[in-house]
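Participant: Pasting in a structure now, in structure tokens, and then I'll have a few things to ask.
The values are calculated or read from the model by the stated rules, or taken from the named source; none is laboratory data. Keep in mind the model is a prediction, meaning the values are calculated, not measured. Using ideal geometry, Cβ is built from the backbone for each residue, glycine included, and neighbour counts are taken over all protein chains shown. Surface areas here come from the heavy atoms of the whole protein model, side chains and all, with no ligands, DNA or RNA. Shrake-Rupley method; radii C 1.70, N 1.55, O 1.52, S 1.80 Å.
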Amino acid sequence: MAAPSSRRACGAEVTHEPEVRLMPAPSVAAVAGWERGMRRARRLGAAAVLRLLLVAHVAAAFDPVSVGLVIGAASALTGYLSYTDLYCRFAECCREEQPLNASALKLDLEEKLFGQHLATEVILKALTGFKNNKNPKKPLTLSLHGWAGTGKNFVSQIVAENLHSKGLKSKFVHLFVSTLHFPHEQQIKLYQDQLQKWIRGNVSACASSLFIFDEMDKLHPGVIDAIKPFLDYYEQVDGVSYRKAIFIFLSNAGGDLITKTALDFWRAGRKREDIELKDLEHVLSVGVFNNKHSGLWHSSLIDRNLIDYFIPFLPLEYRHVKMCVRAELRARGSAIDEDIVTMVAEEMTFFPKDEKIYSDKGCKTVQSRLDFHEAPNGAG
């Protein structure tokens, strides 16, 4: 997972603009070796191509010059694949025009995200439409809201994995955590400068970069406005186009508004699945705009309508917690033991005090509680 390079995690020193790594020029000896390899490969034919590709696979871990020369030779011999196609089989590349596999994203959201019909629907449509648009007018900007444990971070992980093969570990996916990267209120101007440099450098390297801002509700007011020019309807800003980038904000702000709407539906005898985006989106945008602790307080991003979707994550019910437990058991390769599923779910605390409908931590503590119940007798 890529993160801003900084000498101190607290962000006290200037975050440097990402280093642009240029491939060093090959030496005369390296070029001569490549030419000898080409002559020999022509004599040996297809078998040599396979050997060259195998060598490239090994060389990739050690020397970018070597892998470049070897793959160049192999691509010249085959005539079927471009240098880029072959190189990207051994190194991560920015595939700006690669289409989104909407079916795979839909399956991930439906099978791994529980109780969030609005998030599933909106994220799938928003990403699919954006990636299918060859000439978007602005970057895609999503703001995810809801209490902790409802799935916001999990969704950002799913999105990252569907956009870039290495997911959160990709060098084209960048995660900012407010309390880590922007902790000091007195350094807002410094953070704004750092943020602009970091985003500019990474979008210059890969137009389809993904930026995730976690803990937006802990971000000092004004910091996020530094990226306003990059989210706007500009063809270019200082020679760089940001139109194919994606920005995702994660925030607990608005959780109370979402819960109130969900409770109103429940008390009226209506299903949570009847809640529509229009029931919450305007309430959310106004609520976070007027909330001093939302990270978007009086933000120009809202004032200028630069956030494309405010996506509510509903509070999770008892049945959803049980779904989370089963999913975690499957992920561990364990058999589904319904007794354990029930025990973990019943250990959660639920609110409101009288109805006890929603888990106050969502599914956030499922893993640690499962560790306890799966531990061998006498462990610890």
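Participant: Please list Thr141, Thr349 from largest to smallest accessible area, probe radius 1.4 Å, with all protein chains kept in place.
Facilitator: Thr349, Thr141
Participant: Would you please classify the overall shape of region 102-313 from the alpha carbon gyration tensor, given that a ≥ b ≥ c denote the square roots of the eigenvalues, rounded means a/c under 1.5, and beyond that prolate means a/b larger than b/c while oblate covers the rest?
Facilitator: Values: a/c = 1.75, a/b = 1.27, b/c = 1.38.
Oblate, since a/c reaches 1.5 and b/c is not below a/b.
Participant: For a Förster distance of 41 Å, can you work out the FRET efficiency between the beta-carbons of Glu273 and Gln236, rounded to the nearest 0.05?
Facilitator: Working: r = 43 Å, r/R0 = 1.04.
After rounding to 0.05, the efficiency reads 0.45.
Participant: If a paramagnetic tag sat 7 Å from the Cα of Asp256 along the Cα-Cβ line, which residues of region 204-234 would have the backbone N under 16 Å from that point?
Facilitator: So the set is 217-218.
Participant: Here's something else I'd like to know. Calculate, for region 102-313, the solvent-accessible area per residue in square angstrom, rolling a 1.4 angstrom probe over the heavy atoms of the protein chains. The partial results should precede the final answer.
Facilitator: Working: 8950 Å² over 212 residues.
Counting only protein heavy atoms, the per-residue value for region 102-313 is 42 Å².
Participant: If you take the square roots of the eigenvalues of the alpha-carbon gyration tensor of region 135-204 and sort them as a ≥ b ≥ c, do you get rounded (a/c under 1.5), prolate (a/b over b/c) or oblate?
Facilitator: oblate
Participant: Only sites in a loop by DSSP and with at most 16 other Cβ atoms within 10 Å count here; which GluC sites (Glu not before Pro) in region 273-380 make the cut?
Facilitator: Values: sites: Glu273, Glu276, Glu281, Glu317, Glu328, Glu338, Glu346, Glu347, Glu355, Glu374; in loops: Glu276, Glu355.
Passing both the DSSP loop test and the Cβ count: Glu276, Glu355.
Participant: Could you sort His184, His145 by their accessible area in this structure, using a 1.4 Å probe and putting the largest first?
Facilitator: Numbers: His184 60, His145 0 Å².
The ranking, largest first, comes out as His184, His145.
Participant: By its C-alpha gyration tensor, with a ≥ b ≥ c as the square roots of the eigenvalues, how is region 318-373 shaped: rounded for a/c under 1.5, else prolate for a/b larger than b/c, else oblate?
Facilitator: Prolate shape, in that a/c is at least 1.5 and a/b is the bigger ratio.
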